[in-house]
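First comes the structure, then the notes that go with it.
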Amino acid sequence: MSQAPLIGQPLPRLEDQRFVTGRGRYTDDIRVDGQVYAAFLRSPHAHAMLVSIDTDAARAAPGVIAVLTGADYLQAGYRGINHVPNPADAIEHARPAFMQSSTGEVLNIGHLPLPIDKVRYVGEAVAMVIARTKLEARNAAELIEVEYDALDAVVDAIDAMQPDAPSLWDEAPGNLCFQTQIGDRDEAQRRLADAHLVLKREFRHSRVVNCQMEPRAALGDYDEASGTYTLISGSQGAVRLKMALAQALQVPPEQVRVVCPDTGGGFGPRTFLYVEQLAVVWAARAVGRPVKWTGDRSEAFLSDYQGRDAIIRASIGFDRDGRILAIDNEWFGNVGAHTVSYVPMSNGTRVMTTVYHVPVAAVHVSAVLTNTVPTVPYRGAGRPESTHVMERMLDLAAHALGLDRIEIRRRNLIAHEALPYRTAMGLTYDSGRFLDNMLRAVEVSGWHGFETRRGEALARGKLRGIGLANYVESPVGAPRERIEITVLPDGIVDIVAGTQSTGQGHETTFAQVVSTCLGISPGAIRLRTGDTAFVAVGGGSHSDRTMRLGGMLLVDCCTQIIELARQAAAQRFDCDPASLQFADGEFSASGARRITLFDLARTLQDTAVPACAQLDDKPLPPRDAAPARLFARAEFTGRIPAHPTGSAVCEIEVDPDTGATTVVNYTSIDDVGQPINPLIVEGQVHGGLAQGLGQALSETCYVDRETGQLMTGSFMDYGVMRAAGMPPLQLELTEDPTTGNPLRVKGGGESGITPATATVFNALADALDGMGTLERHSAELEMPATPRVIWEYLHSEDDDAV
Amino acid sequence: MIDVELRVNGQQVRESVPDQTLLIEFLRETLGLTGTHVGCDTTQCGACTVRLDGLAVKSCTVLAAQASGGEVTTVEGLARGDSLHPVQKAFVQCHGLQCGFCTPGMIMAIDFYLREPAPLDRDSICHGLEGNICRCTGYINIIEAVRHASRELYPNDAATEERS
């Protein structure tokens with residue numbers, strides 16, 4: 001039977017059967033023989049010296065096997081985690097994004113699983129108890145007596161740069177990880193000096209809590225005989241975790257195995273190694289038994305790496321027609337208490353000019369340590385921040401110059417004829433119909449009929465506003481990826497990939513690609529990921545890289561497989577390889593002779609079957625023992641142009657009596673490249689939008705400025721988007737083809753979130769404008785714009801009250 | 001220790017557990033039914049939702065002993081052999097799940113919402129989902145799955161369509 005091409009089809013997901021029947025397998029679902037349980041005692045202080053840790057009472061408590069501290073860790077000869085915070089550059093992947101710092105060096109401080117000298121944020125793990133049961137471990141943790149000498153804390157990036165600010169690390173004078181200038185600031189300032197209008201404004205992009213639904217969990221084991229550590233734990237990429245563990249534990253990488261079962265949400269923060277993941281494997285060796293830890297939601301709020309938290313001071317110069325002349329920004333990234341990642345600053349500054357022609361751009365970046373949970377890339381990672389600043393500034397400029405908001409964008413958008421276009425920050429856009437996307441968003445959203453709706457709303461006592469944002473993203477992330485495909489004689493095409501799903505449906509989309517290339521049924525395709533026993537190379541899933549890099553490598557592998565099989569088939573039929581036709585998974589020769597890929601695999605290998613055992617938590621035998629014959633491997637290291645882009649419109653209503661908001665309509669026009677599965681791509685846009693709207697309107701990660709205490713530490717206080725908060729959505733996928741990869745993939749994971757806060761804040765400003773508030777306030781509305789924030793904005797006399 | 005006797009997914013079970021054992025712990029740890037998940041510690045997220053004596057309950061907030069003598073259905077007990085329950089089927093058809101972690105609780109909450117023909121307008125469905133959090137899907141396809149499942153459960157209920 002002929003296999004219809006599946007690329008582009010809205011195929012229901014192949015993996016769903018197990019998830020809807022409760023047979024998903026997440027870390028906490030896994031039990032190994034003899035496992036014992038870990039619990040962590042966490043710091044109640046944001047900043048304090050550790051004077052002493054008395055573990056006697058805890059050790060004597062029922063069921064307790066061991067109590068471990070940072071001193072024990074160092075005594076065993078282990079090292080702090082090297083998170084490699086400075087990412088590969090967005091353009092020249094072989095060098096780090098940040099090459100220099102006015103402070104002398106770009107800091108990278110080893111991250112101990114348990115601190116030895118002092119605690120640096122509320123919730124930092126201080127000691128670990130291992131006991132027979134979970135309850136015994138938790139109860140005993142409460143018996144540990146820690147004497148703290150409390151220090152002043154600082155939680156805001158700019159506060160932390162002040163001369164009298166408390167210092168977190170001796171290595172970091174002024175609490176700076178690095179400070180650097182990107183772009184030609186002198187030239188930018190010259191252009192600003194001559195500009196008709198220079199707008200300056202400070203944007204505080206709020207901190208967000210990841211809130212993946214699966215609380216983090218980790219199961220560690222150690223095999224004395226082979227000296228091998230095993231970590232079973234959900235993540236966004238097993239290989240990165242393996243390398244980080246090996247470095248911390250001071251063993252060669254082959255002595256570490258990381259297994260990643262089903263993972264309940266990623267969004268960025270599960271890319272990096274967590275101290276608890278390191279602690280359970282260390283503890284497993286220390287106590288000679290497998291050690292399991294499952295965090296609860298309260299711990300998640302205190303210790304899951306968090307996102308955003310950047311302050312951007314923007315200066316943009318315009319000519320009298322509203323054309324951008326130059327940008328001179330300052331970016332203060334709140335790194336948190338440990339140097340885990342500088343990715344948001346790298347991504348955000350590279351794409352700072354977004355879809356507009358900006359002749360000169362400069363940004364001064366400060367990466368600042370504070371007494372808060374470390375920050376890492378969170379969905380979009382810098383791109384939403386830059387989009388927000390640019391789009392808000394354009395609305396403000398339109399207001400100041402008396403221009404229409406669409407018109408000022410039209411005047412500044414990069415024309416399609418100008419592609420390929422190299423931005424002032426060095427990115428080269430190869431495709432993207434920026435103007436068409438905006439005009440489509442204007443049309444679909446009914447932008448021009450809005451004033452009628454505003455009037456109707458006003459008659460009901462509501463303030464209604466509309467806002468638009470254009471966006472573009474940059475193809476970054478880990479630059480190296482590998483795919484292996486084996487055609488097995490038993491009728492399976494086996495794929496091994498270095499990326500792994502945290503909900504994106506790879507088992508389906510990978511099958512769609514391979515099915516299309518090889519002409520076989522998707523049911524015959526099996527994807528294996530997330531176990532370093534068979535995944536040697538791979539960067540994991542983030543930055544839209546899975547289908548961008550993985551898709552290209554799948555096509556490459558399939559091409560290799562077809563060529564290998566063609567040679568074998570030609571040999572079998574004793575004919576010229578070029579004379580063979582390949583379709584629907586089989587070769588045909590003259591005389592109605594046919595042979596399938598699977599039959600060829602069978603003839604090629606009579607005895608050997610590669611290691612394809614199911615995930616069973618045990619090391620697999622080395623696969624080299626029986627090399628498969630119909631096998632292909634493709635690997636890539638580098639950058640390929642792929643710039644997801646689009647335009648979005650938000651329409652919002654504000655109740656001036658309460659400050660409550662309702663997003664009444666939302667339009668999203670997204671060029672993700674060729675969607676392999678539109679159902680899945682649209683789902684990605686939905687999810688990103690929910691997170692973006694949450695950040696804009698309800699997700700308050702409130703950390704007390706004096707004490708560093710998190711005041712919103714549960715789902716009762718932290719406003720994760722609920723079903724009722726989602727607006728009616730008009731979503732259209734569009735495509736201006738990229739030639740940068742054979743599947744024309746750009747990426748869809750961050751489409752929904754990238755313009756979201758910008759559209760909301762533009763719509764809010766438009767809604768509140770009617771009350772004359774824009775004239776009264778020179779500062780931005782606080783983010784998130786909760787009812788309190790909006791009410792105070794409406795009813796206060798000046799900025800000081802906000 | 002206390003004896004807990006339950007009928008779970010049609011099977012009679014009897015176990016002696018510590019008094020403070022929660023129903024979710026009893027299901028996941030004592031019975032090994034790991035399909036039901038724990039997503040929070042404040043009864044907010046609904047990942048642990050199961051059917052207890054015909055009602056949807058958050059099993060993190062019910063003691064196993066309280067439930068004793070009752071009948072529990074978890075996500076593992078919804079399908080009939082290979083035939084998925086209409087709500088399960090609708091989640092697949094509508095792409096109502098991504099990471100799948102909240103899904104069992106969502107499915108059980110919707111199973112309860114649709115125990116009889118229910119209103120299918122957006123506000124009513126969202127009210128029905130108020131106790132369940134999803135971080136991946138933005139709920140749009142979950143809302144669609146509710147309508148989809150309702151159409152299969154109540155094919156002849158004209159009122160269902162009118163309400164949507």
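How far, in nm, would the chain grow between A:Asp159 and A:Cys575 when pulled straight, counting 0.36 nm per residue and subtracting the alpha carbon separation?
Extra length available between A:Asp159 and A:Cys575 comes to 142.1 nm.
Computed over region B:2-77, the alpha-carbon pair-distance distribution with 10 angstrom bins reads 22, 61, 17, each value a whole percent.
Which residues does the label zone of A:Glu735 cover in region A:639-674, counting backbone N under 13 Å from a point 7 Å along Cα→Cβ? What the label zone holds, given the 13 Å backbone N cut-off, is A:671-674.
Shape descriptor for region B:82-164: Rg over Rh equals 0.93 (Cα atoms; Rh from the Kirkwood inverse mean 1/r).
What's the longest uninterrupted piece of chain A once you rule out the GluC sites (Glu not before Pro) that are loop residues per DSSP with at most 11 other Cβ within 10 Å?
In short, A:225-705.
Is any residue of region A:355-383 close enough, with backbone N under 17 Å, to a label point placed 7 angstrom from the Cα of A:Ser102 along the Cα-Cβ axis, and if so, which? Residues passing the 17 Å test: A:362-369. Computed from backbone phi with θ = phi - 60° and the Karplus coefficients 6.51, -1.76 and 1.60, the 3J(HN,Hα) list for region B:109-118 is 5, 6, 3, 6, 4, 9, 5, 9, x, 10 Hz; x is used for glycine and proline. Under 5 Å between amide hydrogens, built in the peptide plane, is the criterion, and for A:Asn665 it picks out A:Glu651 among residues at least 5 positions away or on other chains. Distance between the modelled labels on A:Thr712 and A:Ala4, one decimal in nanometres: 4.6 nm (7 Å Cα→Cβ projection). Positive contributions from Lys and Arg (+1) and negative ones from Asp and Glu (-1), summed over other residues with Cβ under 10 Å from the Cβ of A:His196, come out at -1. Among beta bridges from DSSP that stay inside region A:480-637, the antiparallel ones total about 85%.
I'm checking a number: the convex hull volume of the Cα atoms of the protein assembly as shown, normalised per residue, in Å³. What is it?
176 Å³
For region A:313-413, count all C-alpha to C-alpha pairs, find those more than 18 Å apart, and express that count as a whole percent of the total. Roughly 49 percent, rounded to a whole number. For A:Lys134, a cut-off of 29 angstrom between C-alpha atoms picks up these lysines, skipping any fewer than 8 places away in its own chain: A:Lys118, A:Lys242, A:Lys292, A:Lys618, B:Lys58. Label separation (B:Asp53 vs A:Asp436): 6.3 nm, computed from points 7 Å beyond Cα along the C-beta direction. A Förster distance of 41 Å, applied to the separation of the beta-carbon atoms of A:Thr133 and A:Ser167, puts the FRET efficiency at 0.50. What Kirkwood Rh does region A:132-225 have if only Cα atoms enter the pairwise 1/r average? Answer in Å. When all Cα pairs of region A:132-225 are included, the Kirkwood radius is 20.2 Å. Legend: ranking of residues A:Met716, A:Met243 from fewest to most surrounding C-beta atoms inside 10 Å; resulting order A:Met716, A:Met243. Under 5 Å from the amide H of B:Val8 lie the amide H atoms of B:Val13, B:Val72, each residue being 5 or more positions distant or on a separate chain, with H modelled from the backbone and absent for Pro and chain starts. What the phi angles of region A:371-379 give under the Karplus curve with 6.51, -1.76 and 1.60, with θ = phi - 60°, is a coupling list of 7, 9, 4, x, 9, 8, x, 10, 2 Hz, glycine and proline written as x. The convex hull of the Cα atoms of region A:220-340, projected and averaged over all directions, covers 11.0 nm².
If you plug the beta carbon distance of A:His357 and B:Asp123 into 1/(1 + (r/R0)^6) with R0 = 56 Å, you get a FRET efficiency near 0.80. Amide H to amide H, with H built 1.01 Å from N, A:Phe203 comes under 5 Å of A:Ile312, A:Arg313, A:Ala314, counting only residues 5 or more places away or on other chains.
Count Lys and Arg as plus one, Asp and Glu as minus one, and take only other residues whose Cβ is under 14 Å from that of B:Thr21; the net charge is then -3. Neighbours of A:Trp331, meaning other residues whose beta-carbon lies under 14 angstrom from its beta-carbon, give a summed charge of +2 when Lys and Arg score +1 and Asp and Glu score -1. With a 10 Å cut-off around each Cβ of B:100-110, the average count of Cβ atoms from other chains is 5. Helix content alone sets the calculated 222 nm mean residue ellipticity of the protein assembly as shown: runs of n ≥ 4 DSSP H residues at -39500 (n - 2.57) each, divided across all residues, give -8000 deg cm²/dmol. Measuring between their Cα centroids, region A:373-451 and region A:87-128 lie 33 Å from each other.
Across region A:93-105, computed HN-Hα scalar couplings (Karplus, 6.51 cos²θ - 1.76 cosθ + 1.60, θ = phi - 60°) run 5, 7, 10, x, 4, 10, 8, 8, 9, 5, 7, x, 8 Hz from first to last residue, x flagging Gly and Pro. Modelled spin labels at A:Glu145 and B:Arg115, positioned 7 Å past Cα toward Cβ, are 5.3 nm from each other.
Taking 0.36 nm per residue of separation and subtracting the Cα-Cα distance, full extension of the segment from A:Thr452 to A:Arg705 would add 86.7 nm. Does a label point 7 Å from the Cα of A:Asp655, set along Cα-to-beta-carbon, have any residues of region A:455-486 with amide nitrogen under 14 Å, and which are they? It comes to A:460-463, nothing else.
Looking at region A:480-637, the pairs of alpha carbons with a distance over 23 Å make up 37% of the total.
Coordinate-derived values only; no laboratory data. Keep in mind it's a predicted model, so treat the numbers as computed, not measured. Note that each Cβ is placed from the backbone with ideal geometry, even for glycine, and that neighbours are counted across all protein chains shown.
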